[in-house]
Structure formats: C-alpha cells, structure tokens
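Q: Dropping the structure in here first, questions after.
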Amino acid sequence: MTSQTITAAASGTWKLGDLAVNRIGFGAMRLTQNGEAFAANAAPRDRGLAISVLRRAVELGVNHIDTAAFYFSSLRSANELINRALAPYPADLVITTKVGPGRDPSGQWLPHATPQQLRGQVEENLRQLGRDHLDVVNLRIVGTDSIAERFGALAQLRDAGLIRHLGLSNITPQHLAEAQAIAPVVCVQNQYGIGVRPEHDEFLRACGAQGVAFVPFYAIAGAGREAGASGTDSDEVLAVARAHGVSAAQVRLAWTLHRGPHVLAIPGTGNPDHLVANVTAGALRLSEDELAVLHSLHRGGA
C-alpha cells in the first residue's frame, strides 16, 4: 500500500455534533517530550520538529487534534505548540481537549478539579490555544462516582458559549447515561484496542447506536500505554501486516476503524514518518477473514 497520495480523508468522516472530522486524527500527548509520556525526567522534544509534525498532519488532511492543558513537559506545552504551528487555525480544524485532571508547574498530578475549578481549566485551554471557544471538551473521569455536578458545570459553560460540544473520557456506560440526561454527548474516549478491554465491545456498539463517536486511546500501544508500542506483537497481527506490506501498528489502527463508522482514531507521534504511516492506515482495508482472526485474538485478551 503506497502512502504517496493517501490523506486522512481516506479513513472516512464522522460528525462530532455539527463538526465533520476525518476519522484518522492526531493525538498531541507525545509532542512535548521524548520517551514515556509524563515521565518527570524525560528530555523535551525538539520544538521545531514538533511544530513541523503538526503542520504536516494538517497537510495530510488531519482535521481532528486531541490535546489537553496537562500535556506538558519541561519547556514544552502541547497547546502552545498547536497554537504556534497552526494559528490562524484552518476553518475545518476541530481541536478536542480534556479537563478534570491537572498538574502543578513541576508536573505533579493534582486532585481532579471540582465543578467550581473546571471553568479555570477551560479558560486555561482557551488562553493557551488562543481561542474564544473550545470545539469539544471531554470530562476525564477517574473512578465510578457520579459525574452529574462536574458535567453540569461544563454544560453551563457550553450554554455560555465557551464550549461548543461536550464529551467524556475514561468512563462507564452509566456515566454516559448520567451525562446525557444533562446535555448532549458527542464522543467517548476510552482505552481500547486489539486485546485491550474486550469487555467494552458492547459499549462501543451502544455508542454507535446513539450517534456518539467512540475514540480509543492507546489503540496502537495497547497495554504499553504511555510508553508507546512495545515493538513486539502477536503472530496473527504480524501475519496480517505482512500480507498488506504494512506495520503491526498500522494493522492495529485499521482494526479499530473497522469496528464501526463512528470509531475515530487519535494516534500520537512526534516522528514525521510515523505520522505518515498512521494517516496511511486509514486507507487499509482488512478482509472478513483477517477481521475474524483479529477479533478472535481480541476476545482472547492477547
């Protein structure tokens, strides 16, 4: 599969509310440093390289970028890099951010924001990105407690015009139902991939039935999470990769997109070659037999 003319448009489109996006997007988490995300002593990534990757992503048709104010490292902020690289922003670019978690200037994690503190986090994202409103804001959840107060606070900011659409991250089906009773939800971001959380298969399908985008994170890394892809993969994934002349990471991305037209991908990288490979994966079409093999692998928890 050649990547010479492939853009993110090859992955198809979905709407986050009224905002149409290509299903292959870009995650900004890895832009700020080399090595494991949020590692205290990781070296900052080259600023010029990070900016060039963002600009190249947009050139390749990426119009959905996922970020957060807490994506920062020594000397680097993902939001600042996005602002520097892409402002004035293309009219079709959708920037999705997350609130809830926070970090102090040294990088230490803070207790999750209270409903009263969420406005400050929204304003921080607005300031860093240089926007007068945020396209999509996801409330990031830890635990199973009620989210009504926190989501209600974001719904008020949506009504005030600071936020266009609302989403949720790291949630249960019960959280989604609770939020939808307060305001519309356009997307759910949960960890998911081949062999990762197969128990979320039904939730993924339910989101599609409700018109809610399902946006897996760590879809390539799987259990590797912040550290990135491990470099090892199952024989089944490698066999599919060889058959198509692509990498295992591209197969993993393509598999997630095959899970439904409402499934989006937000792979992150600071490497220009990996960026091209990720975008190209949006054009990879897997056969029914290949999907059956990969699904069996997925359900086995490999």
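The values are calculated or read from the model by the stated rules, or taken from the named source; none is laboratory data. All of these numbers come straight from a predicted model, not from anything done at the bench. Glycine gets a Cβ as well: all are built from the backbone with ideal geometry, and neighbour counts include every protein chain shown.
Q: Suppose we filter 245, 268 for residues that are crowded, with 22+ Cβ neighbours inside 10 Å and under 30 Å from residue 55 (Cβ atoms); which single one remains?
A: Values: 245 fails: crowded, with 22+ Cβ neighbours inside 10 Å.
Answer to the selection: 268.
Q: Any residue in the stretch 229-258 that is of a type in the set (D, E, K, R) sitting within a Cβ distance under 7 Å of a residue that is not in a helix (DSSP H, G or I)? List the pairs, counting only those 6 or more apart or interchain.
A: What qualifies is 252/193; 252/194; 252/219; 252/220.
Q: Could you tell me whether any residue of the stretch 179-200 is more than 17 Å from the chain's Cα centre (by Cα), β-branched (Val, Ile, Thr) and either surrounded by 23 or more Cβ atoms within 10 Å (Cβ to Cβ) or at pLDDT 95 or above (or both)?
A: From the stretch 179-200, those more than 17 Å from the chain's Cα centre (by Cα) are 179-184, 195, 198-199; that's our starting set.
Still in the list and also β-branched (Val, Ile, Thr): 182.
Still in the running and either surrounded by 23 or more Cβ atoms within 10 Å (Cβ to Cβ) or at pLDDT 95 or above (or both): 182.
For the stretch 179-200, residues more than 17 Å from the chain's Cα centre (by Cα), β-branched (Val, Ile, Thr) and either surrounded by 23 or more Cβ atoms within 10 Å (Cβ to Cβ) or at pLDDT 95 or above (or both): present.
Q: Can you pull out every residue in the stretch 176-209 that is over 22 Å from residue 265 (Cα atoms) and part of a helix (DSSP H, G or I)?
A: Of the residues in the stretch 176-209, the ones over 22 Å from residue 265 (Cα atoms) are 177-183.
Correct list: 177, 178, 179, 180.
Q: Please determine, by comparing only the residues of the stretch 271-292 that are surrounded by 18 or more Cβ atoms within 10 Å (Cβ to Cβ) and more than 21 Å from the chain's Cα centre (by Cα), which one is farthest from residue 16 (Cα to Cα).
A: The selected residue is 290.
The rows are residues; the columns are (1) touching a helix residue (DSSP H, G or I) at 6+ places or on another chain (Cβ under 7 Å); (2) surrounded by 17 or more Cβ atoms within 10 Å (Cβ to Cβ); (3) touching a residue at least 40 places away in the same chain (Cβ under 8 Å).
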| position | (1), (2), (3) |
| --- | --- |
| 44 | no, no, no |
| 50 | yes, yes, yes |
| 69 | yes, yes, yes |
| 74 | no, no, yes |
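Q: Starting from the stretch 16-38, keep only residues that are touching a residue at least 40 places away in the same chain (Cβ under 8 Å), then list their pairs with residues that are charged (D, E, K, R) and surrounded by 23 or more Cβ atoms within 10 Å (Cβ to Cβ) whose Cβ atoms are within a distance under 9 Å, requiring at least 6 positions of separation or different chains.
A: That search, which allows pairs on different chains as well, returns 25/66; 26/66; 27/66; 28/66; 29/66; 37/30.
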